[in-house]
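Notes to accompany the following structure.
The values are calculated or read from the model by the stated rules, or taken from the named source; none is laboratory data. Since this is a predicted model, take the numbers as computed values, not measurements. Heads up, the Cβs are rebuilt from the backbone with ideal geometry, glycines too, and the neighbour counts pull from every protein chain shown.
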């Protein structure tokens, strides 16, 4: 592996490890939401309370995806500073989406 | 309705043929003698109507006074739950929390108006519970073994059904984007909504797990007038909450349901909702509904799986395997990571 790809590859592995560690709680929430949708009466208070907080699953996946886009850009261009600059547009769109999801939660 | 006192029903539970002890058989829908197998129907008093509801007016004199009954009450030393048995006591453990119980001789409770008898045998409920456990994602590998050691309690749990008409006036805010600016707007509205046979626990020991998980298939049409013979062979908790106490205990749930209906009525997500509701036409019933509760312990933590005594709908508490959760999390992270890497490498914005 060329040296230029080593650092992005290590960063990707670190993101995978961090995303997995942080993702344990959202994954548990995902399973709880699935069980509520399957087992509880839709519209009941138990159902509504079980679904509350589901947006944490989307936030987690969006954060991993966003971090990976920077690493992908960095790996392709070899320019980390440029990749960070270019990610700001994506970040702005993601924040808009996250705000909409948080409001819908 | 005086027959609610289990001690007074001992002769009612004797078999007319052999004087053996009878119990309610869910499959036959009858009282069946444990000795000779003779089955007989439960006879109701003429004019008893299970569908009847009582009007409730908060300002009218209280006609719903508790009745002091001499009955053998099994009082839990852990959670305070108190159950009665028609016929022989079935367990020395609490049906709600599996804690030890002590025997008391008196119990004060409200008259039960109707119930739905058990329609499912314990073996069927147990199978449903094990199937539910087997279907859990990210469950520890030894969970099924631990559940196998669990103990099943049968219970008639007390509930209110409430009807009401709610005239709601509400106000909330929402945001819109215009020219890259976020603008907050206020929306006001009013609506009339009804609650019909809203199931409300009449005991602090009945959790949302029991109500929303397993008893949501409850059909008021299948209620029968209360008769103590239906309790033969099962534990039951009497009604201990007054109607105002029941309404107060349900206030948080009613608030959540009303806020949800306001969101639907507004047609958009509102924040900071404030509302005022005028409640009229309040009617209630005091009923008992059948549940099987499986108590099990996993690594020192007590858990419950509950199965409905009507159709076997099952729901419960379960532990997670953090190794499996990490595996699922790694898989999802890998997918998001791969998509992100491809997106970034392609030079998309």
Check your understanding: Of the residues that sit in segment B:298-326 and are farther than 28 Å from residue A:41 by Cβ and surrounded by fewer than 15 Cβ atoms within 10 Å (Cβ to Cβ), which one is farthest from the other protein chains (Cβ to nearest Cβ)?
Key -> B:300
Point to revise | All helices (runs of 4 or more DSSP H) inside segment A:40-105 with 1 or more residues being surrounded by 16 or more Cβ atoms within 10 Å (Cβ to Cβ) and within 15 Å of the chain's Cα centre (by Cα) | key: A:55-77, A:80-104
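Which one of A:52, A:58, A:11, A:17 is within 11 Å of chain B (Cβ to nearest Cβ), at pLDDT 95 or above and out of contact with any helix residue (DSSP H, G or I) (no Cβ under 8 Å at 6 or more places or on another chain)? Spell out the reasoning first.
Numbers: A:52 fails: at pLDDT 95 or above; A:58 fails: out of contact with any helix residue (DSSP H, G or I) (no Cβ under 8 Å at 6 or more places or on another chain); A:11 fails: out of contact with any helix residue (DSSP H, G or I) (no Cβ under 8 Å at 6 or more places or on another chain).
Only one candidate passes the filter, namely A:17.
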Exercise for review: Select the strands (runs of 3 or more DSSP E) contained entirely in segment B:238-338, then report the ones holding at least 1 residues which are without any contact (Cβ under 8 Å) to a residue 40 or more places away in the chain.
Suggested key: B:301-308
Study note, to complete from the structure: Within segment B:128-176, the residues that are without any contact (Cβ under 8 Å) to a residue 24 or more places away in the chain and in a helix (DSSP H, G or I) are B:130, B:134, B:144, B:145, B:148
Review point. Quick check, is residue B:247 over 26 Å from residue B:119 (Cα atoms) and crowded, with 19+ Cβ neighbours inside 10 Å?
Key: yes
Point to revise | residue A:4, sole failed condition from (1) at the interface with chain B (Cβ under 8 Å from one of its Cβ atoms); (2) out of contact with any helix residue (DSSP H, G or I) (no Cβ under 6 Å at 6 or more places or on another chain); (3) at pLDDT below 95; (4) in a helix (DSSP H, G or I) | key: (1)
Review point. Which residue, of B:253, B:278, is modelled with pLDDT of 90 or more, within 14 Å of chain A (Cβ to nearest Cβ) and surrounded by fewer than 22 Cβ atoms within 10 Å (Cβ to Cβ)?
Key: B:253
